[in-house]
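Structure record follows, encoded as structure tokens.
The values are calculated or read from the model by the stated rules, or taken from the named source; none is laboratory data. Just so it is clear, the model here is predicted, and its values are computed rather than measured. Glycine also receives a Cβ, built like all others from the backbone with ideal geometry; neighbour counts cover every protein chain displayed.
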Amino acid sequence: MFRYLVLCLSALILAACAVPTPPPNAAPTSAPPAPTEVNLPAPAGATLVADNLLQPRGLDFGPDGSLYIAEAGIAPPPGQNVANSGRITKIAPDGTRTIVLDQIANTGSEFNGALGPNATAFISDTLYLATSAPDGGRGNAKSGVYRINANGTTELISDLGAFNDANKPRYLDSDYDRANPYGMVALNGKLYVTDGNIQVINQVDPFGQPGQNTRRVADMSRGHPVLTGIVAGQDGNLYVTEFTHGPYTEAFSENVAKIYRVTVDGQVTPIADGITMALGLGQAPDGTFYASQFVSDLDPRGNFTASGSIVKLRAGDAEVTSVVSNLAYPTGVEWGPDGFLYFANYGVTIPWNGTQRGAVYKIKP
């Protein structure tokens, strides 16, 4: 069993806290034990696509059929605010591996793990990146959406930190300290971004004037659901899932994460539930949703007690079906043009200086 206890995954930093939560009225404990690395076997029935990845998060396919992997990088050591180890890796259909962009600014947190590149998306032949950068007093890089030019340069087209500060949600949680753009998808020439810190969905028009090209689509901040994966549905709507509310030591969070349908004008409707701590969300051509469960089981105090998994469900479902089990902190999920389901494993490295075991696999579910 995994023996990691959570105080709070502040703003979806995607890593378990190593500090145990004492029972009510318990006497103070001594120093918490150091987190232990998890080393699980390769998932049964899956084919390795790429390994030696640095905390892989979002997966996306380009117009040429290549897979793009957003890697959050290696977290800086405690006490150091900034690193530059995030990157984007491209896997061509023939398996050729290329680093598209390297040394992207990232940071860490008190809960281990890196905060950095989280998602990519294409509009025509142009690649865009959503990243949680070390802003908020930690560094000069900005959390937001960047255009990646053909010559390898980048351009900030939406400073989501500044936008969210100027357009705060209705319910601002006490742990808010920066924007955390996590999921991103392209739909009808616009980019839609989930924020895992303030629980909103923002739209970015990549052809609009920076500073005036971002608008709030939906405010889902009530209850602090921690929004994560997002897909563009075949019906022209957005579908988004959640990591579930925080702090996790105050509520039993197993099987309570939902999938929501969100229209581009901001109407939010829950359409399925029964997921536990979902991070990635994908949709097959037949409409089936696939979600990554960061962990598969919790106890009433918020203990992580079982490994992660990939599950599937359809609109209207309240129960999930397991597709891949015995995973370690799975993150991104994406349905490939080749008919395979792709998913990222070891999307978080615990402890911060542990072995980087990030990998992407594919499977025929």
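Observations on the structure shown:
- Unmet criterion (only one of (1) at pLDDT 95 or above; (2) surrounded by fewer than 22 Cβ atoms within 10 Å (Cβ to Cβ); (3) closer than 17 Å to Thr331 by Cβ; (4) hydroxyl-bearing (Ser, Thr, Tyr)) for Thr288: (3)
- Residue in segment 356-364 that is farther than 12 Å from Gly45 by Cβ, touching a residue at least 24 places away in the same chain (Cβ under 8 Å), in contact with a Lys or Arg (Cβ under 8 Å, 6 or more places away or on another chain) and crowded, with 23+ Cβ neighbours inside 10 Å present: no
- Screening Ala150, Ala166 for residues that are out of contact with any Cys (no Cβ under 7 Å at 6 or more places or on another chain), within 22 Å of Lys90 (Cα to Cα) and surrounded by fewer than 24 Cβ atoms within 10 Å (Cβ to Cβ) leaves exactly one candidate, Ala150.
- Any chance Asn81 is polar (S, T, N, Q), modelled with pLDDT under 95, in contact with a Lys or Arg (Cβ under 8 Å, 6 or more places away or on another chain) and under 13 Å from Ala114 (Cβ atoms): yes
- Matching residues in segment 319-345 - criterion: being among the aromatic types (Phe, Trp, Tyr) and within 16 Å of Ser307 (Cα to Cα): Tyr329, Phe343
- Enumeration of residues in segment 297-322 that are modelled with pLDDT of 90 or more and hydroxyl-bearing (Ser, Thr, Tyr): Ser307, Ser309, Thr321, Ser322
- For segment 329-355, the candidate set comprises residues that are polar (S, T, N, Q) and part of a loop (DSSP other than H, G, I, E, B); within that set, the residue that is modelled with the lowest pLDDT is Asn353.
- Qualifying residue in segment 114-122 (condition: polar (S, T, N, Q) and either surrounded by fewer than 24 Cβ atoms within 10 Å (Cβ to Cβ) or farther than 23 Å from Arg215 by Cβ (or both)): no
- Qualifying residue in segment 298-319 (condition: buried (at least 24 other Cβ atoms within 10 Å of the Cβ) and under 27 Å from Leu156 (Cβ atoms)): no
- Selected residue (criterion: nearest to Ile259 (Cα to Cα)) from residues of segment 163-205 that are out of contact with any Lys or Arg (no Cβ under 7 Å at 6 or more places or on another chain) and of a type in the set (Asp, Glu): Asp195
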